[in-house]
Amino acid sequence: MDFMQYFKSRQGEMIVLLKELVQKESPTSDKKAVDACASFFAEQLKKTGAKITRVPQKATGDFYLAEYPGRADRNLEGQILVLTHIDTVWPVGKIEKMPFYISGEKVFGPGVLDMKAGLVLTYFALKTLNELNLRPKKKIVVFVNSAEETGCDAAHEMIKTLARKSDTVLCLEPALPGGALKVQRKGRLVIRLEAFGKAAHGGTPDKGVNAIEELLAQLRRVQKLKSKDISVNIGLIGGGEKANVVPDKAWAVCDIRFWDTPQKEKVIGFFRKLAPTLPNSRIKFSVDSLTPPMEKTKASARLFQEAKEIGAGLGLALEGGKTGGGSDASIAAGLGIATLDGLGPDGDCLHAEHEHLLLPSLPQRAALLVSLLRQLG
């Protein structure tokens, strides 16, 4: 079966579904919008013959699982886990100023690459297996996350549970610009740093302890964590009530990225050793969220080589690369499960208004995904 030509012939259908998904805006923070988009996608997945399970959530959009059976004549344990997410960083209404459109070989729209296109690939891969009666070697389980962009403990726990039952994990996040798969990702710590002082009148500041001054002193220390391997972004900051009052509280939220677990421990250890600089001030820190790094493992390296061979059979020269961004793939990889990320289409400008995918990569990645699902295991 020439899957490359097959999906090129169905490219128009793929674009139609992609447009529907992009126009059903689904920002992480809007449960109603995310649920509407996820419900629509779940209905599409039902058409592939997959068993659909909704996992209700209170604080976020609902999760969905789609289970597609493997060959009935093979008594194989294990499964292939496919990771996707339905949420985007774009608010409802963005579609008015950032419409879905095609210009040459580029497709634009909010969330078109991250990762509505990955959902399209997943749907068409299962649909193709079903229509052509091409049973995979093992059961396929698709997890549709509703809160990937912000991180979600409930989603992370579900991914861990599913990954432990799986032999292979495939993540449909976009490829690196140029088409490379993602074989290594930075981990992410979101750390909240708080400083406490003593309030006083702005005219007699010596009678108080300025929490903002303490916080700024600590943040200058935090900047020293920066290296070629560790990045630090002070993304949020706040404190004080009025200009004429010495602030007794101040806070900042830092996004810190790292390549491996020892670097993570270095960061945590650094914050534990921080001490106040001003007399009678106090500081504390807390970890708001942690995404582990996607480190290189022998299992994932073998999976990448297998994917390269499968890709070569389709005429695709697959390369591997690394990225500073995080994804759900890191959760599975952290358990030692063979994991491959960046299987979505090629494109660029994630989370920017000119986010786009390259149209020729859509059928290419569909052909690759269906081939992987058929042959792995």
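The values are calculated or read from the model by the stated rules, or taken from the named source; none is laboratory data. Since the structure is predicted, the reported quantities are computational estimates derived from the model, not experimental observations. Note that we place each Cβ from the backbone using ideal geometry, even for glycine, and neighbour counts take in every protein chain shown.
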Total residues in the range 307-338, condition closer than 17 Å to GLY179 by Cα and not small (Gly, Ala, Ser): 9
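Does LYS127 fit the bill of being closer than 21 Å to ARG10 by Cα, touching a residue at least 60 places away in the same chain (Cβ under 8 Å) and not hydroxyl-bearing (Ser, Thr, Tyr)?
Yes, satisfied.
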Within the range 252-333, considering only helices (runs of 4 or more DSSP H) that don't extend past its boundaries, which have at least 3 residues that are closer than 30 Å to SER361 by Cβ and aliphatic (A, V, I, L, M)? 298-313, 329-333
Could you check SER227 against (1) touching a residue at least 40 places away in the same chain (Cβ under 8 Å); (2) assigned to a loop (DSSP other than H, G, I, E, B); (3) closer than 19 Å to LEU274 by Cβ and say which number it fails? (1)
Taking interchain pairs and intrachain pairs at least six residues apart, which have beta carbon atoms under 6 angstrom, with the first residue in the range 244-261 and under 12 Å from ILE230 (Cα atoms) and the second in a strand (DSSP E or B) and not small (Gly, Ala, Ser)? ASP255/VAL190; ASP255/ASN233; ILE256/LEU189; ILE256/VAL232; ARG257/ARG188
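Which residues, taken from the range 132-148, are closer than 21 Å to TRP90 by Cα and either touching a Leu at 6+ places or on another chain (Cβ under 9 Å) or surrounded by fewer than 20 Cβ atoms within 10 Å (Cβ to Cβ) (or both)? Walk me through how you get there before you give the answer.
Taking the range 132-148 and keeping what is closer than 21 Å to TRP90 by Cα, we get 144-148.
VAL144, ASN145, GLU148 - these are the residues of the range 132-148 that are closer than 21 Å to TRP90 by Cα and either touching a Leu at 6+ places or on another chain (Cβ under 9 Å) or surrounded by fewer than 20 Cβ atoms within 10 Å (Cβ to Cβ) (or both).
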Kindly establish whether ALA299 is in the same structural domain as ASP114 (by TED's automatic domain parsing) and either in contact (Cβ under 8 Å) with a residue 12 or more places away in the chain or closer than 25 Å to GLY202 by Cα (or both). yes
Considering only the range 132-148, I want to know if a residue exists there that is assigned to a helix (DSSP H, G or I) and either out of contact with any Phe, Trp or Tyr (no Cβ under 6 Å at 6 or more places or on another chain) or without any contact (Cβ under 8 Å) to a residue 12 or more places away in the chain (or both). no
Please list, ordered by first then second residue, the pairs with beta carbon atoms under 6 Å, 6 or more apart or interchain, first in the range 197-213 and at negative phi, second surrounded by fewer than 14 Cβ atoms within 10 Å (Cβ to Cβ) and of a type outside the set (Asp, Glu). ALA200/LYS207; GLY202/ASN244; VAL209/ASN280
If you scan the range 263-281, which residues turn out to be surrounded by fewer than 15 Cβ atoms within 10 Å (Cβ to Cβ) and not hydrophobic (A, V, I, L, M, F, W, C)? GLU265, GLY269, ARG272, LYS273, PRO279, ASN280
Is it true that some residue in the range 300-314 is touching a Phe, Trp or Tyr at 6+ places or on another chain (Cβ under 8 Å) and more than 19 Å from ILE159 (Cα to Cα)? yes
Do we have GLY320 as at pLDDT 95 or above, assigned by TED's automatic domain parsing to the domain that holds LYS97, more than 27 Å from ASN130 (Cα to Cα) and surrounded by 24 or more Cβ atoms within 10 Å (Cβ to Cβ) here? no
For residues in the range 172-202 being part of a loop (DSSP other than H, G, I, E, B) and under 13 Å from the mean Cα position of the chain (by Cα), which is surrounded by the fewest Cβ atoms within 10 Å (Cβ to Cβ)? LYS186
Within the range 334-363, of all residues that are among the aliphatic types (A, V, I, L, M), in contact with a helix residue (DSSP H, G or I) (Cβ under 7 Å, 6 or more places away or on another chain) and part of a strand (DSSP E or B), the one surrounded by the most Cβ atoms within 10 Å (Cβ to Cβ) is LEU357
